[in-house]
Each structure stands twice: as structure tokens, then as C-alpha cells.
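Notes to accompany the following structure.
The values are calculated or read from the model by the stated rules, or taken from the named source; none is laboratory data. Because the structure is a prediction, the values reported are computed rather than measured. Because the Cβ atoms are built from the backbone with ideal geometry, glycine has one as well, and the counts that use them run over all protein chains shown.
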Amino acid sequence: MAAGCVAITAYQPRAAAHLASVLAATVPPDAYEGVVRVSAQETAGLSIEALREHILVNPYDGEIFAGTLRTNLDPSGTGRMIAEAVEASMLTDVVAPHRDGLDHPVRDRGEPVRRTAATAVPGPCPRR
């Protein structure tokens, strides 16, 4: 299998958190069912250093606050890299269905935007 990147999305936040813990090796292998393998090797037999050469787990508990998608990415309204932030945070498919795009209104916790556990607003957009 060629080297590459794999993104995993869970529809239940609790399941996503559990999976992130298993992949980050913060849960001992005897605490869950099944086997996690990297390059055909069971992760239970790998050191943390060896595991980190293959897997990077960045658990992120993102929140969406009341306002618009745009104000969640750029609260001060001074960011110039909004499109780049949307793409880098894999929110393109969250923004696209809304006629208002980034100006689509949202309530706390992102309603009415349908989110999965992997969908999170990364924080304020960098100013350049």
C-alpha cells in the first residue's frame, strides 16, 4: 500500500473521541475490542515513537458559536485568507450547500449546520 493520508469521520462525537483515544495510544489495547494495525503491524507491539512515525492524531473539539460561518472563522473581520482557512479545515462541503455561503447564520453549537465529529471550525483566520 502506498503512503498517504487517511481522514476518518464519525457521526457520533462519543465514537470519534473513543477512536481518537485508541489511535493516539492513550487507551491500553486490553481496554478495547479488535486490533489496530499500521503497515500490517499491530500498534500494541509498537513503541509510542514508532507509532508516531505512522499516525498523527489531533483530537479537536471544535465549536461553532452564534453568528455566521464567517464570523466563526474571522471574528474581527480582518482575515484575508478566509477561503484558504475553509479549505484547510475541510469545511468546503459545509459551506457549499448554503446559498449565503460563509454568511449563513448559525446558532451556538452550529445549528442549523449539519456537522460530523470531524467538522470543526479551526479558530480565527490568520491575518496576512
Test: residue in segment 63-70 that is at pLDDT 85 or above, of a type in the set (D, E, K, R), part of a loop (DSSP other than H, G, I, E, B) and over 29 Å from His18 (Cα atoms): no
Reported set for segment 11-39 where residues are in contact (Cβ under 8 Å) with a residue 40 or more places away in the chain and of a type in the set (Gly, Ala, Ser) is Ala15, Ala16, Ala17
From Leu46, Leu73, Leu91, Leu69, grab the single residue that is surrounded by 13 or more Cβ atoms within 10 Å (Cβ to Cβ) and outside the structural domain of Asp108 (by TED's automatic domain parsing). Leu46
